[in-house]
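**Student:** Dropping the structure in here first, questions after.
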Amino acid sequence: MDRTIASISTNNLGTSAINIVRISGPNAIEIVSKIFSNQNFKDAPSHTIHYGWIKEGEETIDEVLVLLMRAPKTYTKEDMVEIDCHGGYATTNKILELLLENGAELAEPGEFTKKAFLNGRINLLEAESVSDLLNAKTSLQSKMAMSGLTGKTTKLIQNLREKMVSLLANIEVNIDYPEYTDEIQITKENITPVLKEINETLENIIKESRNGSLIKNGINVAIVGSPNVGKSSLLNTLLEEEKAIVTDIRGTTRDVVEGSIIVNGIVLNFLDTAGIRETEDIVEKIGVEKSKKLMKEADLTILVLNGNESLSKEEKELIKTIEEQEGIIFVNKIDLEEKIETIDTTLPIIKGSTKTNIGIEGLKEQIIDTFGLKDMSNKDLTYLSNARQIALATEAKNLITHVIEENKKDIPVDMLAIDIKSAWENLGKMIGEFYEDELVDNIFSKFCLGK
Ligand SMILES: Nc1nc2c(ncn2[C@@H]2O[C@H](COP(=O)(O)OP(=O)(O)OP(=O)(O)O)[C@@H](O)[C@H]2O)c(=O)[nH]1
Ligand SMILES: [Mg+2]
């Protein structure tokens, strides 16, 4: 890992006031000194800023500030130099080009952070949080990423691993001194409460991490119902934008129309769908199939009903289907005479009208409530934020559950140790204690250039 890498770290697509070109590695300082007018910088103390010009031979390229950071107190733990240059596209690229001509190699996406990981400055979980932070669009998303980055989540995982290690040590003693059969019995009895405690913590993290995933990816909400009940009108009202076509013709919406808003820091992705009905129209039929598929895939379904009509057989069936997942019923058109009968359902019901803007705020609140995401900004967001982490935690939990079950039987205590060790390894993989190169490459390739 002694490549000296360089890259433009700012978004270089347009013109900005300042751009930053970064270089990291054993030859970073040497390479910059070849193109920088201020030669004092080479021997200057770490974490100092130097003024001067970038030069190509006799030609001046740009007036810059150069930040010198010596290993190991840097992002990558290597020597690093940042060149703050003027934000023009051509100038910034020219400086990068000069660094490459003088011996630096072009950094791959995420390579700076990969170096930080491989050099032991951050663990895998923290690295993934850096990526989350870069992609955060809401303050909740960045708060969650920060919790990963500042090591809160790591601490939680490390604690569990420590508990597992002391269990293993306990078991080990028994294996080494098998003549003390009483001791073995004591161990078997003593480890159960600890195992249960570990399992509970894991279960909690996994459950809470569902929130993490919703905060990170948003909630997908399918808007379904019979034709003409006001699904597209509801989408438009929620988005405060005339996104979907609204007419009084049944079967207006054929394809899915999407739009998102942010409520309480949570992104809600709404999907307006074709009205569900039996139809011979080929295009509409495809739309109806799509609606049914989306309903299954969404995190939540809003069933829109027309309060001015009585329930159809199809709508009664839809209610039953949605009751098996997360759903809300929105009874629309209450500005008109109420003709709908009382609905017998376990789903929450909101009455409103897209025409007079009634019930819309209540509907948004109900969505947030359904997922227990109220007042998230005051909460401690120590969550696992991606599928890889959640899968590893789930596997660890299953292993520990298995150990608890086996421990009730007459199984030699050393057999239990195997599963506890695997669970411990799983949690290790989560923070990158054990890793495969391929996995690491995969994780870091998702970063943007220059990070
Ligand atoms: N009175 C009243 N009319 C409404 C309300 N919401 C929608 N409408 C009307 O109902 C008709 C159908 O609205 P849409 O939003 O196109 O209905 P849809 O469910 O998307 O219909 P399809 O796309 O055909 O499935 C339009 O004429 C709307 O103006 C409401 O709250 N009150
Ligand atoms: Mg529609």
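**Student:** With a Cα-only, solvent-free Debye model of the chain, what are the log10 I(q)/I(0) values at q = 0.06, 0.07, 0.08, 0.10 Å⁻¹?
**Tutor:** -0.43, -0.57, -0.71, -0.92
**Student:** Ok, one more. Run the simple label-point estimate for V194 and M415 please: 7 Å along Cα→C-beta, distance reported in nm.
**Tutor:** 2.1
**Student:** Gap in Å between the Cα centre of the range 295-361 and the Cα centre of the range 185-223?
**Tutor:** Here the two parts' Cα centres lie 34 Å apart.
**Student:** Turning to a different aspect of this structure: Kindly identify the range 312-375 as rounded, prolate or oblate by the Cα gyration tensor criterion: order the square roots of the eigenvalues as a ≥ b ≥ c, call it rounded if a/c is under 1.5, otherwise compare a/b with b/c, prolate if a/b is larger, else oblate.
**Tutor:** Verdict is oblate for the range 312-375.
**Student:** Right, next: Dipole of the range 5-123, Cα-centred, from +1 at each Lys and Arg C-beta and -1 at each Asp and Glu C-beta, to the nearest 20 debye?
**Tutor:** 560
**Student:** Only counting other Cβ atoms within 10 Å, I'd like T345, T301 sorted with the fewest neighbours first.
**Tutor:** Neighbour counts put them in this order, fewest first: T345, T301.
**Student:** Same structure again: Within the range 254-299, which GluC sites (Glu not before Pro) sit in a loop by DSSP and count at most 12 neighbouring Cβ atoms inside 10 Å?
**Tutor:** E278, E280
**Student:** Another one. Could you tell me how far the Cα centroid of the range 121-166 sits from the Cα centroid of the range 1-77, in Å?
**Tutor:** 30
**Student:** Just to confirm the filter: which trypsin sites (Lys or Arg not before Pro) across the range 126-169 are DSSP coil and have at most 14 other Cβ within 10 angstrom of their Cβ?
**Tutor:** K137
**Student:** Still on this model: Taking the Cα centre of the chain as origin, sum charge times position over the Cβ atoms of Lys and Arg (+1) and Asp and Glu (-1), and report the length of that vector in debye to the nearest 20.
**Tutor:** Approximately 700 debye in magnitude.
**Student:** On to the next question. Would you be so kind as to identify which of A104, N269, A90 lies farthest towards the positive end of the dipole of the chain, taking Lys and Arg as +1 and Asp and Glu as -1 on Cβ and the Cα centre as origin?
**Tutor:** Projecting each Cα onto the dipole axis, the largest value belongs to A90.
**Student:** Tally the DSSP beta bridges in the chain and give the antiparallel ones as a percent, rounded to 5.
**Tutor:** 60
**Student:** If Lys and Arg each add +1 and Asp and Glu each add -1, what is the summed charge of the other residues whose beta carbon sits under 15 Å from the beta carbon of L311?
**Tutor:** That works out to -1.
Read-outs: derived from the displayed coordinates by stated rules, not from any lab. On a predicted model such as this, the values are computed, not experimentally measured, just so you know. Neighbour counts are summed over all protein chains in view; Cβ atoms, including those assigned to glycine, are modelled from backbone coordinates with ideal geometry.
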